[in-house]
Each structure stands twice: as structure tokens, then as C-alpha cells.
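The values are calculated or read from the model by the stated rules, or taken from the named source; none is laboratory data. Source: prediction; values computed, not measured. In this analysis, Cβ positions are derived from the backbone assuming ideal geometry, glycine residues included, and neighbour counts consider all displayed protein chains. All accessible areas refer to the heavy atoms of the entire protein, side chains included, with ligands and DNA or RNA removed. Shrake-Rupley method; radii C 1.70, N 1.55, O 1.52, S 1.80 Å.
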Amino acid sequence: IQTFEGHGSPPGTARATGDVPYVKVTDLKNWRINENPTNFIHKTLAARLRKRGPELKFGDLISPARASSNIGQFSLVLPWQTSAVQTREVRVIRAMENREEITPFLLLALMSLKVVQDQYQYLTMMQTNREHLGDGWREVEIPLPDTLEARRRIEAPVRHYFDAIVLARKSYSELTSIFEEGDFGTRP
């Protein structure tokens, strides 16, 4: 794996000024990144912030690492979220190519197990008035199945879940070829 911190925070006055998602720790829930339009920033500012760290890739896992009670709960970056800018208070984990078939989908399932979640609670320190994981993430033990078959069996339903989300998004995009996006009063 490869890990890195988020990009940093834009000034409060920069929010709701563009179309690039700025991801805060409160936007990371239930394996998903909630794209909150009130936090979208201008592309010029987003490009400047992204210089502080790598650009996201589909399948990156993001978790709060500071200032959140959700430390250690992961969300997966979807294809249309790779240009998002995330607060520095997150830890991004990227599964690199490997022969052991450790994929982002397998990691997400394993990192979501109670036995792993409990470790994050134990490793998180209270720093003045907020939680902070620090380098504690390095001590987390993940119950990695011994066989490739077992890894594939765990990975498959998670991959299918996210494939369905990607397909649903494509269906919505098809609808916007019929109507312009501004024609909708509400949208998914």
C-alpha cells in the first residue's frame, strides 16, 4: 500500500465558489464520499491545493485521521471523485498493484470489520480537544485471508456494489444528454 495525507483546507470564503468537491471528515460515511455542493471550490484553488499531495485515484480509501469520531472508517473514491480536494485531516490508503490480489475492495471490507474498527478506537489519542490518530494507523492489524480464493470471495461483493454505483451514475449521465443538468430541480 501507499499512504498520504489530504491536501489541506481552503479558506471558508472559497467554499461554494466552484465545481470541485472539497471533502471534509464529515463527508466520509458508509463507504462513500458525500459531495456537498456548499463545500465545492473553484478549480484554480483546487489545483493549488492538489500540489500538496497526490491526486486521488479510483479505489483510494479515505478515512478521517484527526478531528473526528469516525477515525478508521473508510470511504472509497469513485471515478468521478478523483479531482476532489480533501482536508489534511484524512489518511488516504492506495492499494498498489500486487500478486497477492489485495485490492481496494478487499481492503475496504477488511478495514470495516469490527476487529479492525476496535483497534482504531484504541489507537486514537485525545489531543487537547480533538481526536488524533497520528502514526497509530501503522499498528493496525488486518485479518488478511491466507488464500487467493478467500480474498476473491470477500472482494467480489464489494466490487459488485461499487460497480453498480458506477453504472447508476452512467445512467444519470445518459439522462443529462436528454435534458440539461440545469433543467433538474433535484438530482441524485
Output for Cβ contacts, cut-off 9 Å, separation at least six or different chains, first residue free of Cβ contacts under 8 Å to residues at least 24 places away in the same chain in region 2-13, second of a type in the set (A, V, I, L, M) and surrounded by 17 or more Cβ atoms within 10 Å (Cβ to Cβ), reads Pro11/Leu45
Exercise for review: For Val158, state whether it is in a helix (DSSP H, G or I), at pLDDT below 95 and within 18 Å of the chain's Cα centre (by Cα).
Suggested key: no
Is there a residue being in a strand (DSSP E or B), open to solvent by 50 Å² or more (accessible area, probe 1.4 Å) and of a type outside the set (Asp, Glu) anywhere in region 32-41?
-> yes
Scanning region 67-93 for residues that are in contact (Cβ under 8 Å) with a residue 60 or more places away in the chain, over 17 Å from Leu49 (Cα atoms) and in contact with a helix residue (DSSP H, G or I) (Cβ under 8 Å, 6 or more places away or on another chain) gives Ala67, Ser68, Ile71, Gly72, Leu76, Leu78, Pro79, Trp80, Ile93
Taking region 139-156 and keeping residues in contact (Cβ under 8 Å) with a residue 40 or more places away in the chain and open to solvent by 60 Å² or more (accessible area, probe 1.4 Å) leaves Leu144, Leu148, Arg152
